[in-house]
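The values are calculated or read from the model by the stated rules, or taken from the named source; none is laboratory data. What you see is a predicted model, and the numbers here were worked out from it, not measured in a lab. Positions of Cβ are generated from backbone atoms using ideal geometry, with glycine treated the same way; all protein chains shown enter the neighbour counts.
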Amino acid sequence: MPEVSPLDPETLAGLRALDPTGGDTVVREIAAIYLEDTPTRLRELEEAANAGHAERFIRAAHSLKGSSASLGVIAMHAAAERIESAARSSGLPAGVSHLPALREAWSSSEPHLRRLVG
């Protein structure tokens, strides 16, 4: 059975349409930035959680949610959205409880993104 990509093909097609050469340059550039930025956002989440800084935690989750949506990284977007929503509605511990799902989403998405970058 072929592996299912965690990347939304419609979002990728939209990004490809922005490329004036009709290629993957824009997609590769955005994916490279995402690959560089995401570990920083994950560290911010962990540090904010450990320090008990709910607002910083929520901001990092919100940022990760947006960047994931922009690139079509489906599982990362969904996990970051759950973290942000839980932290906003029920407090920091509720948001933190969703971090394992976010880590799992990153582990499954990162190889696909690296292949995309080339």
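Looking at the stretch 33-46 only, could you name the residues that are out of contact with any Phe, Trp or Tyr (no Cβ under 9 Å at 6 or more places or on another chain) and either free of Cβ contacts under 8 Å to residues at least 24 places away in the same chain or buried (at least 20 other Cβ atoms within 10 Å of the Cβ) (or both)? Selection gives I33, Y34, E36, T40, R41, R43.
No other residue among S107, S68 is in a helix (DSSP H, G or I), among the small types (G, A, S), under 13 Å from the mean Cα position of the chain (by Cα) and buried (at least 18 other Cβ atoms within 10 Å of the Cβ) apart from S68.
In the stretch 58-70, the residues that are on the phi < 0 side of the Ramachandran plot and among the small types (G, A, S) form Cβ pairs under 7 Å with partners that are at pLDDT 95 or above and surrounded by fewer than 21 Cβ atoms within 10 Å (Cβ to Cβ), at six or more places apart or across chains, as follows: A60/E44; S67/D37.
Scanning the stretch 44-65 for any residue that is assigned to a helix (DSSP H, G or I) and under 17 Å from L7 (Cα atoms) turns up at least one such residue.
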